[in-house]
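Worksheet: the structure to be examined is printed underneath.
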Amino acid sequence: MEYLFDIRFLDIKIWDILDILIVSYLIYRIYLLLKGSVAFNIFIGLMLLYIAWWLVSALEMQLLSTFLSQFVSVGVILLIIIFQPEIRRFLLDLGNTTLKQRSNLFERLFTSGVHGAKPATNRYFKLLPAIDSMSRNKVGALIVFGHVSESQPFVRTGKVINANLSAGLIESIFQKESPLHDGAVVLLGDKIFAASCILPVSENATLPKQAGLRHRAAVGVTEQFEVGAIVVSEETGNISFASEGNLHFNIDMETLRNFLRIKWK
């Protein structure tokens, strides 16, 4: 095989360049996955432990090397156990990206040649009057929507309603007198499928200090699943929006409408 170029004693092939680029990209994706979480600090600790083991082995410090090697030998198993949520999220992101690309391809194939079609009204715009009213009256709320299925674990924690989506029903669910006001409402298509659902809570250390449990739950569910979440603060009435593990804190109604229009149709 021909070499791309030579650097003294190093023979660089085109596959070497490709190898470096792929590994660099994977490291970058891992960094994005872990940044701002407790898992990132654990990962750094494990890397320092591995470097220490390599160093004492090179210095032939037998006793310390043997001691550290016991941790390094089970390093892969430890990584799988400790980073199980992050590994799961990485695989979900990978699968969702592939499915999105396939779906976009089908949409282009089947909609090409169709002219003058009017875009469908965004189903989630039905939420806006309820969100606006609850924000003004400082009624706390947490609503999850998007690519939701009945099999997802957080959906099964709630009470099944399976009612048509309406602003009035959303408001009544989150009234303090309602037995279902704690937890999240989960939408499935055009239906209010379940209420009082318990969501996974994010450990992201970069979230605003004002972010409460509802905000952390909204970020947590969007970290693990391809869904969006809307939060109304009970203390301030502020509206927030979570998607792909990111929290857009204290936004206005027009910004929320744009988020729904651009990403969730």
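Label point of Asn162 set 7 angstrom out along Cα-Cβ; within the range 196-236, amide nitrogens under 17 Å from it belong to 196.
For a quick protection proxy, order the peptides 214-220, 198-204, 168-174, 248-254 by their average other-Cβ count within 10 Å, most packed first.
Answer by packing, highest mean first, reads 214-220, 198-204, 168-174, 248-254.
Proximity of backbone amide H atoms, modeled 1.01 Å from N, is registered between Ala194 and Ile161, Asn162, Val186 at under 5 Å, excluding neighbours fewer than 5 places apart on the same chain. Estimated from the Cβ-Cβ distance and a Förster radius of 30 angstrom, the FRET efficiency linking Ala52 and Tyr25 is about 0.60.
Any number yet on Rg/Rh for the range 123-263, C-alpha, Kirkwood?
Numbers: Rg = 13.3 Å, Rh = 14.6 Å.
My calculation of the ratio gives 0.91.
By the gyration tensor of its Cα atoms, with a ≥ b ≥ c the square roots of the eigenvalues, what is the shape of the range 155-227: rounded for a/c under 1.5, prolate for a/b over b/c, or oblate? Taking the square roots of the gyration eigenvalues as a ≥ b ≥ c, the range 155-227 is prolate. Here the Karplus relation 6.51 cos²θ - 1.76 cosθ + 1.60, evaluated at θ = phi - 60°, turns the backbone of the range 212-228 into coupling constants of x, 5, 4, 5, 5, 5, 5, 5, x, 5, 7, 6, 9, 9, 7, 9, x Hz, with x for every Gly and Pro.
What does the extension gain come out to for Gln62 and Ile44, with contour length at 0.36 nm per residue minus their alpha carbon separation? Walk me through the numbers on the way to the answer.
Values: separation 18, 0.36 × 18 = 6.48 nm, distance 2.44 nm.
Computed gain between Gln62 and Ile44 is 4.0 nm.
Could you put Tyr28, Tyr50, Tyr124 in order, starting from the residue whose Cβ has the fewest other Cβ atoms within 10 Å?
Tyr28, Tyr50, Tyr124
Across the range 198-210, computed HN-Hα scalar couplings (Karplus, 6.51 cos²θ - 1.76 cosθ + 1.60, θ = phi - 60°) run 9, 9, x, 9, 6, 9, 4, 7, 8, 5, x, 4, 6 Hz from first to last residue, x flagging Gly and Pro.
The numbers here are math on the coordinates, done by the rules we state, and not lab data. None of the values given here were measured: they were computed from a predicted structure. We place every Cβ from the backbone using ideal geometry, glycine too, and count neighbours over all the protein chains shown.
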